[in-house]
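Peer 1: Sharing a structure here in structure tokens format.
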Amino acid sequence: MKRSMCGVVPVLFFCAIGASMIAPLAAAAQTSVILTDIQVKEDDAAVQLLFTTNRSIPIECYDLASPPQIVVDFMGEIFSNRSEEVMMINQGGVRQIRVVRGTRESAELGKAYYAIDFLIIDLDETRRYDFTQGLSTAVLVVSKPGKAAKAVVPEKKESVPAAAPEIAPVPVASAPAAAEKSPAKPSPVLPMPVPEQEAVVSVPALPALTADVPELKKPAPEKKSAVAEKKARKSKRLAVSGDSQAKAAEKKKEALATKEQRKTRRTAEKKSEKAPAKAEQKRDQKKYASDAERDLAAAQARKQQRDAAVEQARGQVQDSRGRLAAAEQELLQFQATMLDAKGNQEKARAALEKGGQDMGAAKEAANTAWMNYSAAKNDLTVALQKGLTDEIIAAKQKEYEAAKKNMEDAIAAAERVKQKLTALAEDEAKIKAAVANAAATEQRLSAQLAVEKQRAQDQEELLRAATAAAAAAKQEVEQAEAAYRQYELELAEEELKKSLAAIDSSLLQALEEEKKQQQLEEQRKAQQEELSRKLAAEREDKARSEAEALKKAAAEKEKQSRQKEVRAQHAQKKRSRRAVESTVTAAEETKTAQRQVIQSALELRNAGLEMQRQGDYDAAMKYYQQALMKDPQFATVHNDLGILYEQKGFNDKAKTAYLEALKIDPRYIRAHSNLALLYEKTQDYNKAHFHWKQRAQLGDPNDPWTAKAREKVNEFEKK
């Protein structure tokens with residue numbers, strides 16, 4: 001009966017655990033907003049970034065010029081369990097995507113989920129972009145230079161269902177057919193599947209460690225347990241996360257050092273090009289008959305040198321691309337090997353856990369045998385003390401011997417189980433060490449891949465520079481050829497002039513006199529035309545001044561008539577007040593007059609500002625709304641409306657108004673200041689630090705608010 005209970009209880013316990021895990025996850029999927037996926041696609045015109053959530057959430061998007069980046073701001077609480085804090089893209093001018101984490105925690109989700117304040121997309125330079133949002137998807141399209149692309153939200157069938165907020169695990173191909181369907185280029189989010197037969201080449205030590213444990217077999221990739229998938233995601237998240245800021249700073253230093261090296265190399269190349277040119281110029285002064293001929297020969301020589309440099313750079317680019325492709329292939333193969341190694345580790349851990357359970361059962365059996373042995377011994381002792389018959393004592397002795405043998409067998413079995421458990425623990429430790437070494441190798445391959453990518457970019461930049469230099473040399477040769485042809489024409493013209501002078505000098509003198517007369521006639525005509533233009537301009541100025549005088553006189557008359565009408569209206573109002581015996585304060589008359597006079601959006605804004613200063617918030621809000629009806633792109637009014645909402649305690653509406661102002665004008669410094677103060681008040685310090693930093697970069701250095709923004713940035717960075 002006990003043995004059957006031991007087989008049933010673990011199954012019931014597993015079912016209870018599964019039900020307890022599924023229920024909170026389903027509830028969380030219905031209440032919390034989760035960023036489930038980020039996809040990157042590139043075509044000839046743009047780079048498309050697709051953000052997918054399990055539920056609808058408002059999203060704002062605005063760009064910054066220094067440094068060039070695009071900020072995607074989530075207008076509400078959103079969470080993610082993605083391991084990447086920095087996604088390297090390097091496609092079409094989009095360098096990377098940085099995830100700025102928040103400090104909030106979700107009561108429904110587990111510890112693997114963290115809050116997201118906003119995403120920052122780093123660009124190589126300022127680019128045109130378009131942004132649109134659907135129910136559970138948002139699309140950001142960054143156009144390439146000279147191109148214009150429009151963001152289109154994909155169909156609803158492509159969105160992620162609300163019941164599955166988690167990201168799908170990394171797929172591993174289990175057969176060659178699955179490998180043929182994998183894409184040729186790895187995605188920036190998930191590694192490309194690699195066939196199983198190619199994954200064993202990188203780490204030959206792992207199969208030997210697996211062979212030390214006879215009970216373990218290599219797991220099939222398609223039957224990978226949920227625990228193995230969770231461990232794989234966790235190890236990948238730990239490997240990628242690290243200290244992202246330190247890595248970014250280190251990469252920035254490396255980029256600056258590489259830039260300085262390229263600059264020094266270019267300066268040396270220019271000097272090396274100029275030195276032979278100068279020496280050749282001195283050496284060939286006697287060789288060439290003219291400066292034009294010498295310049296043409298020098299330009300042709302420089303063109304040949306730069307064409308050779310282009311061919312050399314093109315060969316280096318091809319070699320660098322080959323090394324980059326080899327590094328990418330090696331890393332992809334090793335990632336598949338890592339997944340297999342982690343599967344072996346999970347199998348070893350499962351075997352170790354089963355060995356622990358067997359050890360517990362052996363201990364329980366030994367304890368039971370000991371209790372039976374103690375009972376048989378007591379019975380035999382009692383029979384001997386009471387002096388029972390020899391037959392009873394013989395029976396008790398036989399039971400005692402049997403119980404003693406069972407106890408010794410149980411102890412021996414427990415010892416064997418213990419030895420087996422120790423061996424399993426040693427094997428599990430070996431496999432764990434091998435997985436750690438493989439993780440270090442994967443990190444080294446990733447770093448090597450990053451170096452090869454940077455080297456390929458440098459070689460391509462050198463190729464572009466060499467190509468530009470070759471194009472400039474070609475243009476220089478064309479200019480030198482044109483100058484040489486012009487020199488030949490001038491030389492022929494000089495020879496012709498000498499011949500004509502020798503034939504008839506008088507004819508040349510007559511031609512010169514006629515040419516001078518033509519020049520004098522042209523000068524006289526030009527002077528007459530200039531005099532005519534001046535007279536016409538004077539007449540136009542006189543007519544304009546007379547028209548302005550008439551306009552001023554008419555305006556003065558209109559002003560006087562308006563003043564008379566105003567005085568008449570005031571007299572009429574006084575008479576009506578006396579007749580009705582009611583008093584109207586001067587403030588109400590001023591307010592009525594202002595409402596009648598206000599026509600433009602600027603006047604409406606000024607009127608709303610005056611009402612806000614007087615404390616009449618409702619009237620101020622009406623003026624602001626009327627101003628936005630006349631001019632919806634009036635960023636200042638959106639900012640004023642945000643201040644008014646904040647004074648009335650509507651922080652969410654205030655944040656929306658400030659972000660609307662930044663959407664119209666991303667360099668509007670007052671909106672950055674107000675957002676920073678609002679985020680500080682709501683204890684959203686990451687966003688406050690970001691907007692203080694933008695205020696300090698965009699503001700006037702002599703502005704006190706700029707100094708205050710710098711102080712705030714220093715305070716946040718010290719924290």
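Read-outs throughout are calculated quantities, based only on the coordinates presented, and are distinct from any laboratory measurement. Just so it is clear, the model here is predicted, and its values are computed rather than measured. With ideal geometry, Cβ positions are generated from the backbone for all residues, glycine too; neighbour counts draw on all protein chains shown.
Peer 1: Using amide H atoms built 1.01 Å from N in the peptide plane, name the residues 5+ places from I78, or on other chains, whose amide H lies under 5 Å from its own.
Peer 2: I116
Peer 1: Output the peptides 334-345, 142-153, 291-302, 386-397 sorted from most to least packed, where packing is the average of other Cβ atoms within 10 Å over each peptide's residues.
Peer 2: Answer by packing, highest mean first, reads 334-345, 291-302, 142-153, 386-397.
Peer 1: Express in whole angstrom the spacing between the alpha-carbon centres of region 59-91 and region 665-702.
Peer 2: Using only Cα atoms to place each centre, the spacing works out to 17 Å.
Peer 1: Using the Cα gyration tensor of region 609-660, with a ≥ b ≥ c the square roots of its eigenvalues, what is the shape: rounded (a/c below 1.5), prolate (a/b larger than b/c) or oblate (neither)?
Peer 2: Because a/c hits 1.5 or more and a/b fails to exceed b/c, region 609-660 counts as oblate.
Peer 1: Residues with amide H under 5 Å of A46's amide H, sequence separation 5 or more or different chain, H placed in the peptide plane at 1.01 Å from N; which?
Peer 2: K144
Peer 1: Give me the aspartates and glutamates in straight-line cross-link reach of K251: C-alpha distance below 13 Å, same-chain residues under 8 apart excluded.
Peer 2: Partners found: D243.
Peer 1: Could you point to the residue in L135, L35, P58 farthest towards the positive end of region 32-167's charge dipole, with +1 and -1 charges on the Cβ of Lys/Arg and Asp/Glu respectively?
Peer 2: Positive-most Cα among the choices belongs to L135.
Peer 1: Among W705, W692, which comes first, then next, by fewest other beta-carbon atoms within 10 Å?
Peer 2: Result, fewest neighbours first: W705, W692.
Peer 1: Of the listed pairs K259/K453; K347/K432; K147/K263; K693/K719; K693/K718, which have alpha-carbon separations greater than 21 Å here?
Peer 2: K147/K263
Peer 1: A 20 angstrom limit on the alpha carbon distance is what I want to check against. Which of K354/K418; K111/K712; K653/K681 exceed it?
Peer 2: In this structure, K111/K712 lie more than 20 Å apart at Cα.
Peer 1: Per-residue HN-Hα couplings for region 528-539, Karplus 6.51 cos²θ - 1.76 cosθ + 1.60 at θ = phi - 60°, whole Hz, x for Gly and Pro?
Peer 2: Karplus-based 3J(HN,Hα) across region 528-539 equals 4, 5, 5, 4, 5, 4, 4, 4, 5, 5, 5, 5 Hz.
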